[in-house]
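Asker: One structure, as structure tokens, below. Some questions next.
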């Protein structure tokens, strides 16, 4: 039995709109989506086949397949059988993307309840397709097989080398022999393991951790539960690393971002790391290439992971250790900077002050009361992070900010009074002749590059104070623009800079 249908109205424009959501070519996005969908289907084997002679790319998996209702939604641009946060292929749009560059797309699926296939293509502004129920041209097992019949402009786009590179860049944790062994214990759907294949041959790579110096495991805990873990290290191999440098931030084995957590360490190109955080799936953008800025889960994770990364960098002398407040000769400048930020609503989150009832302990372990200023609104996760960081025997200045707090309802009792937690932006110097930037900001500290020619000229011409304030202003604005949703307009930058220096001038 077969039937014909079409996917909505003016589908050509919808297909192009989907393509515009991605920062890379639709040919790449399609392949990544199809692999992600296979992982969501609990596949243990995903085989990518490339046939240059016949201009075909095939992605075949042994997952659970689709039932009749899911297969119908598969062709509907207004419906999705997945919800946000339930898988890395939540949009289910691999085949839809393929309509951009394929003459037609054939999808075969076999589940416990249903089997069938469809032939789908663009025709004018429509996307007609024909479904053949209870028939399968070539799929002989449970799972899904998608065959892309490449158009004239795309048949030379793919190569085995390019496909392998994309898999390494985006799914390396499932390829590395050391990392992939950990996934059956991390994610239940991977309990039987996952193997990526290219033309029937497994994609496997020697464990990169075997070539790392200063190797250290790390964890991110939220309310006493481990939510993410991984490792950091410095590459010492003589051969070219198989992947780009940076810390891989992953969900379900998919590399979402590579990051240095706003830090600028020495030997940056030799630093590698892996962190798996399945709970961050809800904070992933549609193209699975970024985390959503402003998402509470992402922001909390970022601060915790940044702190772990900073401790590791300091321990291995890859960045300068932040000075304690008593040793900082920028104390006056810091007070002025934070006073300015408190009067700028757009930047006040870096120095905002509030009040909160809390119980404090003095160095002897006795209950005391006092005032602290709250830099940000504290939730249970932040309170617990502070408690963990208090246990460190030797703490950096950044760690000292996170003091032990206890909220009403906890076991310890004591007199409840408002306290003040001192937050705000801090200033640090570092000589980095390997960097062109005058300064950079990691969310807590502005680092001034004293090896920069502009710094030296400002110091020699008695203009250092202005240089410091200029660097702080621009670094914090840059950080803010990078972390806001949408593209910032240049007028925003100029307006914030104007406000900052107007307030600074009033205080002189």
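Asker: For the range 449-508, give me every one of the helices (runs of 4 or more DSSP H) that falls completely inside it and has 3 or more residues that are loosely packed, with under 12 Cβ neighbours inside 10 Å.
Answerer: Details: elements: 453-460, 464-482, 490-507.
Where helices (runs of 4 or more DSSP H) fall fully within the range 449-508 and carry at least 3 residues being loosely packed, with under 12 Cβ neighbours inside 10 Å, they are 490-507.
Asker: Can I ask one more? Identify all residues within the range 164-191 that are touching a helix residue (DSSP H, G or I) at 6+ places or on another chain (Cβ under 7 Å), farther than 19 Å from residue 209 by Cα and touching a residue at least 24 places away in the same chain (Cβ under 8 Å); write none if there are none.
Answerer: Within the range 164-191, 166, 187, 190 qualify.
Asker: Pick from the range 199-212 the residues that are surrounded by fewer than 17 Cβ atoms within 10 Å (Cβ to Cβ) and in contact with a helix residue (DSSP H, G or I) (Cβ under 9 Å, 6 or more places away or on another chain): which of them is farthest from residue 317 (Cα to Cα)? Steps first, please.
Answerer: As a first pass, look at the range 199-212 and keep what is surrounded by fewer than 17 Cβ atoms within 10 Å (Cβ to Cβ): 199-202, 204-207, 210.
Next cut, in contact with a helix residue (DSSP H, G or I) (Cβ under 9 Å, 6 or more places away or on another chain) only: 199, 204-207, 210.
On the way: 199: 45, 204: 33, 205: 30, 206: 28, 207: 25, 210: 21 Å.
The qualifying residue farthest from residue 317 (Cα to Cα) is 199.
Asker: Scan the range 32-51 for residues that are in a helix (DSSP H, G or I) and either surrounded by fewer than 17 Cβ atoms within 10 Å (Cβ to Cβ) or more than 20 Å from the chain's Cα centre (by Cα) (or both) and report the count.
Answerer: Of the residues in that region, 2 qualify.
Rundown of residues vs (1) modelled with pLDDT under 95; (2) surrounded by 18 or more Cβ atoms within 10 Å (Cβ to Cβ); (3) on the phi > 0 side of the Ramachandran plot, yes/no style:
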| site | (1), (2), (3) |
| --- | --- |
| 241 | no, no, no |
| 258 | no, no, no |
| 262 | yes, yes, yes |
| 269 | no, no, no |
| 272 | no, yes, no |
| 285 | yes, no, no |
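Asker: OK, next. Residues that are closer than 25 Å to residue 99 by Cα, outside the structural domain of residue 119 (by TED's automatic domain parsing) and at pLDDT 95 or above, at least 1 per element: which helices (runs of 4 or more DSSP H) completely within the range 141-207 meet that? Give the derivation first.
Answerer: On the way: elements: 160-171, 177-180, 183-186.
In the range 141-207, 160-171 are the helices (runs of 4 or more DSSP H) which contain 1 or more residues that are closer than 25 Å to residue 99 by Cα, outside the structural domain of residue 119 (by TED's automatic domain parsing) and at pLDDT 95 or above.
Asker: How many of the residues in the range 219-270 are under 16 Å from residue 315 (Cα atoms), outside any loop (DSSP other than H, G, I, E, B) and within 17 Å of the chain's Cα centre (by Cα)?
Answerer: 2
Asker: Also, I was wondering about something else. I'd like the residue in the range 135-163 that is closer than 19 Å to residue 62 by Cβ and without any contact (Cβ under 8 Å) to a residue 60 or more places away in the chain and, out of all such residues, is surrounded by the fewest Cβ atoms within 10 Å (Cβ to Cβ).
Answerer: Applying the filter and picking the extreme gives 140.
Asker: Of the numbered conditions (1) buried (at least 18 other Cβ atoms within 10 Å of the Cβ); (2) on the phi > 0 side of the Ramachandran plot, residue 247 fails exactly one; give the number of that condition.
Answerer: Result: residue 247 fails condition (2) only.
Asker: Do we find a residue being outside the structural domain of residue 251 (by TED's automatic domain parsing), surrounded by fewer than 19 Cβ atoms within 10 Å (Cβ to Cβ) and under 19 Å from residue 109 (Cβ atoms) anywhere in the range 16-26?
Answerer: Checking the range 16-26: not a single residue is outside the structural domain of residue 251 (by TED's automatic domain parsing), surrounded by fewer than 19 Cβ atoms within 10 Å (Cβ to Cβ) and under 19 Å from residue 109 (Cβ atoms).
Asker: Can you say whether residue 138 is assigned by TED's automatic domain parsing to the domain that holds residue 15, assigned to a loop (DSSP other than H, G, I, E, B) and under 34 Å from the mean Cα position of the chain (by Cα), as far as the supplied structure shows?
Answerer: No.
Asker: Can you confirm whether residue 300 is farther than 22 Å from residue 243 by Cα and either modelled with pLDDT of 95 or more or crowded, with 17+ Cβ neighbours inside 10 Å (or both)? Give the derivation first.
Answerer: Working: farther than 22 Å from residue 243 by Cα: yes; either modelled with pLDDT of 95 or more or crowded, with 17+ Cβ neighbours inside 10 Å (or both): yes.
Yes, satisfied.
Asker: Also: What residue, of 215, 132, is surrounded by fewer than 21 Cβ atoms within 10 Å (Cβ to Cβ), farther than 20 Å from residue 42 by Cα and out of contact with any helix residue (DSSP H, G or I) (no Cβ under 8 Å at 6 or more places or on another chain)? Quick ask: steps written out before the conclusion?
Answerer: Values: 215 fails: out of contact with any helix residue (DSSP H, G or I) (no Cβ under 8 Å at 6 or more places or on another chain).
None of the other options fit; the residue is 132.
The values are calculated or read from the model by the stated rules, or taken from the named source; none is laboratory data. From a predicted model like this one, the values you see are computed outputs, not experimental measurements. All Cβ positions, glycine included, derive from the backbone under ideal geometry; neighbour counts span all protein chains shown.
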